[in-house]
Amino acid sequence: MRNPLSKKIVEIQPSGIRKFFDVANEMKDAISLGVGEPDFDTPWRIREEGIFSLEKGRTFYTSNAGLKELREEICSYLERKIGVSYDPMQETMVTVGGSEAIDVALRCMLDPGDEVLIPQPCYVSYVPCAVLAGGVPVAIELEEKDQFCLTPEKLLEKITPKTKLLVLPFPNNPTGAVMNRRQLEEIAKIVIEHDLFVLSDEIYSELTYGEEEHVTIASLPGMQERTVLINGFSKAFAMTGWRLGYACAPAVILKQMLKIHQFAIMCAP
C-alpha cells in the first residue's frame, strides 16, 4: 500500500510545550507554566458581550477579513498605542489567533528555498510553519549577554543571497526579551540595505513593563511597507481560548494572505 503521508509533515516534530500542557492538565496539584497565558480571566465586559452576541443569534459568517467594525477598532488601537496607521479595509485582517496569521504570512511570502531568519529561543510555531511554507528556517542563536536581543552582528552573520524574511519575535516568548527603539533602528537599517521583509510578532506588546513603552519596527522610516505586523487578543485581554488575532500589512501582501485565509479558514469566529 502506498504511504498516505507527506514526508514533510512526518518529519516535523509535535510541539513539546503542548505535550507538557496536556500532561500538567491531568495532574491535580500541578501549576502549568508551559503556555503563554495571563493569570486573570477574560474581563467580564468582554464575556458579557460574547454572551449577548450569542443571545442575539450573531453566529454566522463574517466577511473573510473579519467584521468591518472590529478592523476599524484594531486600526484605531494600533494608531493610538504604537503610532502606526493602517487601512482597515485593505491592510487589516482578523485571524484565528496570532498563530494563523504567522502561518498565512509565511505561506504568502515564501517560495521554495527562500531562507527565513528565526531568532532562538522563540515561539514553537515559526520553524514548522516556515518548513510547511517551503522555506528554509535559519536559526539565529541569541545570548544572555545581549539580554536575548537580536544584535546587528548576529543578523549580518546569517544573511545570504537566499534570505528573504526575518521573524522578529519581540517581546519574546519565552525569554521575555524586549527590543527598544535604538536596537530596532539598527536592525531596520540592515533589513532595508539587504532588501528583506519582516514578520513582527507583537502578541506580547501589552505585557511590556518598565519605563520604555513597546515600539514596533513598522513605525520606523521605510519599514511599514516591509513589515507584516501580527498581534491579537490572547495575551493582552486573556482571551487565549477565543482564538482571535489579526495581521496588518501592505495591501499587496495582505490581499494574498486573505486569499489563503479565505480558502483554509473562511473567517475567524
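The values are calculated or read from the model by the stated rules, or taken from the named source; none is laboratory data. Note that the structure is predicted; figures quoted are calculated from it, not measured. Methodologically, a virtual Cβ is constructed for each residue, glycine included, from the backbone with ideal geometry; neighbour enumeration extends over all protein chains shown. When the accessible area is computed, the model is the full protein with side chains, heavy atoms only, and any ligands, DNA or RNA have been set aside. Shrake-Rupley method; radii C 1.70, N 1.55, O 1.52, S 1.80 Å.
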Tell me yes or no: at least one residue of the range 165-187 is modelled with pLDDT of 95 or more, touching a strand residue (DSSP E or B) at 6+ places or on another chain (Cβ under 7 Å), open to solvent by less than 60 Å² (accessible area, probe 1.4 Å) and not aliphatic (A, V, I, L, M). yes
Given the conditions (1) over 21 Å from the mean Cα position of the chain (by Cα); (2) assigned to a loop (DSSP other than H, G, I, E, B), and given that TYR86 satisfies all but one, which numbered condition is not satisfied? (1)
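Can ASP111 be described as outside any helix (DSSP H, G or I), open to solvent by 40 Å² or more (accessible area, probe 1.4 Å), out of contact with any helix residue (DSSP H, G or I) (no Cβ under 9 Å at 6 or more places or on another chain) and more than 26 Å from GLY241 (Cα to Cα)?
On the way: outside any helix (DSSP H, G or I): yes; open to solvent by 40 Å² or more (accessible area, probe 1.4 Å): yes; out of contact with any helix residue (DSSP H, G or I) (no Cβ under 9 Å at 6 or more places or on another chain): yes; more than 26 Å from GLY241 (Cα to Cα): yes.
The answer is yes for ASP111.
In the range 227-237, is there at least one residue being in contact with a helix residue (DSSP H, G or I) (Cβ under 9 Å, 6 or more places away or on another chain), under 23 Å from ILE159 (Cβ atoms) and part of a helix (DSSP H, G or I)? If you could, list the steps in order and put the result at the bottom.
Filtering the range 227-237 down to residues in contact with a helix residue (DSSP H, G or I) (Cβ under 9 Å, 6 or more places away or on another chain) leaves 227-237.
Next, only the ones that are under 23 Å from ILE159 (Cβ atoms) stay: 227-230.
Within this subset, residues satisfying the condition of being part of a helix (DSSP H, G or I) are none.
No, there is no match, as no residue in the range 227-237 is in contact with a helix residue (DSSP H, G or I) (Cβ under 9 Å, 6 or more places away or on another chain), under 23 Å from ILE159 (Cβ atoms) and part of a helix (DSSP H, G or I).
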Flagged in the range 204-224 as under 23 Å from GLY97 (Cβ atoms) and of a type in the set (A, V, I, L, M, F, W, C), in numbering order, are LEU207, ILE217, ALA218
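Checking the conditions here, which among GLU100, GLU73, GLU48 is at pLDDT 95 or above, outside any loop (DSSP other than H, G, I, E, B) and within 17 Å of the chain's Cα centre (by Cα)?
Values: GLU73 fails: within 17 Å of the chain's Cα centre (by Cα); GLU48 fails: within 17 Å of the chain's Cα centre (by Cα).
After ruling out the rest, the residue left standing is GLU100.
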Restricting to the range 27-54, count the residues that are open to solvent by 100 Å² or more (accessible area, probe 1.4 Å) and within 29 Å of PHE263 (Cα to Cα). 1
